[in-house]
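Working notes, structure below.
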Ligand code: NAD
């Protein structure tokens, strides 16, 4: 998906979920007004000295959608399609998401419109540092805490954290999460989004009395979130029959081994160039190469969407043949497609619940940084599982009680919490 027009629609699409919440539950007028637009939207220029000596300036944004429940929290994306509308939409989802899993955070997001694949490693480091300098005034442990997102990772967060320390003339590890563990990053953060998505899938499967061994899964995207989800789901006994990346899909009815795929992908860079048996590592028997988007229409029990937004839309939704959808990416199903899936009785485990593992462990990183502690990975994974069980059960029970989709139940849970806090802050907070 690309283009400003589509991103503008994305924000309208995202906000349409608010209308459903406002119609269904008692949300006071002040909260309605506040939640319709972001608190703060900062556009910056991000100058980068290129290796050849020239200067390039990339547009960047940081948006804080709502900070009623706590400081803004959300990732930074480097991608050629980034736009203000996309960053705003992602910050809105972060606000809902943090509230759904009861974190003391508001929602934020950042992005730079750049193709990082065209940059050298040093250019990428200069970009990361330049971006954090540009937004530093609104960042901090009690204001806004960035983290990784698409095309940014622990290494990039390490550079940003270092730059922020220089600007602050001191150590402020809690200002940025998703850092390498040696710089105060939390154990378990890299796998947290995938691990969290698996917990949500497991909790749902248990309610449906469905066993992992009886469940086939196709995964769109094979990046950070998808790989860890695939690896852990495979260990649990789910059969991963297909995975795709931006170039193509591989499929095996017998099931694929995610670790072997990752090993080969690192060597060959794209799934479609893989050799299926190499150095005696066989990914699977009978692997087929399919067109990239054929993955979406495979007959599987669970379709896990872990690439980008707007992947299932009005034009392709009726071709889906999956039993359920798991949203690991943010906003992979458009509002219209979501309505259609609901009509067809296809359950969707929504992004604002299913992909919260990353932000939950980012929260644990922030708590560790603020208290000067380092927790064991086992402890972190236990806390993550406990929080997700408590909050997912509430969403599932509400959906069953009210006869609504999991997405509607999750939005009602999140927005209710934010609206309640807005109300408790009083009525004169913004007037002279
Ligand atoms: P990533 O850049 O590591 O991976 C993205 C993957 O999607 C890549 O493998 C890419 O090739 C693939 N892809 C892109 N377009 C595709 C297409 N049309 N079809 C198939 N594959 C395609 O990013 P990530 O960090 O894994 O994030 C993926 C999604 O998960 C994003 O929506 C992100 O916002 C969301 N998310 C990530 C985290 C996290 O902690 N990483 C947390 C919450 C949500």
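Rule-based calculations on the coordinates, nothing more; no lab input. Nothing here was measured: the structure is a model prediction, and the numbers come from that model. Ideal geometry is used to build each Cβ from the backbone, glycine not excepted, and the neighbour counts take in all protein chains shown.
Some notes on this structure:
- Full-extension gain in nm, residue 16 to residue 321, via 0.36 nm per residue minus C-alpha separation: 107.2 nm
- For the chain: relative contact order, % (alpha-carbon pairs under 8 angstrom, 6 or more apart): 17
- Backbone N under 20 Å from the residue 268 label point (7 Å along Cα→Cβ), restricted to segment 202-245: 218-224, 226-228, 230-231, 240-245
- Model label sites at residue 122 and residue 206, defined 7 Å from Cα along the beta-carbon direction, differ in position by 5.3 nm.
- The Cα-based radius of gyration of the chain, divided by its Kirkwood radius, gives an Rg/Rh of 0.95.
- Pairs of Cα atoms farther than 22 Å apart, segment 79-231, %: 49
- Each peptide in 249-257, 23-31 receives the mean, over its residues, of other Cβ atoms within 10 Å, and ordering these scores from highest gives 249-257, 23-31.
- For residue 33 and residue 339, a Förster radius of 41 Å and the Cβ-Cβ distance give a FRET efficiency of 0.95, rounded to the nearest 0.05.
- If the Kirkwood radius is taken over C-alpha pairs of segment 192-351, then at 4 °C and 1.567 mPa s the Stokes-Einstein diffusion coefficient equals 84 µm²/s.
- Relative to the current alpha-carbon distance between residue 367 and residue 299, full extension at 0.36 nm per residue lengthens the span by 20.2 nm.
- With R₀ set to 60 Å, the beta-carbon distance separating residue 291 from residue 425 gives a calculated FRET efficiency near 0.70.
- Here the alpha carbons of segment 3-173 define both size measures, Rg and Dmax, at 16.7, 59 Å.
- Of all DSSP bridge pairs formed entirely within the chain, close to 50 percent run antiparallel.
- For segment 315-357 versus segment 211-240, the gap between their alpha-carbon centres in whole angstrom: 17
- Only helices enter this figure: runs of n ≥ 4 DSSP H residues, each worth -39500 (n - 2.57), summed and divided by the residues of the chain, yield -14500 deg cm²/dmol at 222 nm to the nearest 500.
- Full-extension gain in nm, residue 155 to residue 43, via 0.36 nm per residue minus C-alpha separation: 37.9 nm
- Centroid-to-centroid separation of segment 75-147 and segment 367-432 [C-alpha atoms, Å]: 21
- Percent RCO, i.e. relative contact order, over segment 192-351, from Cα pairs under 8 Å lying at least 6 residues apart: 21
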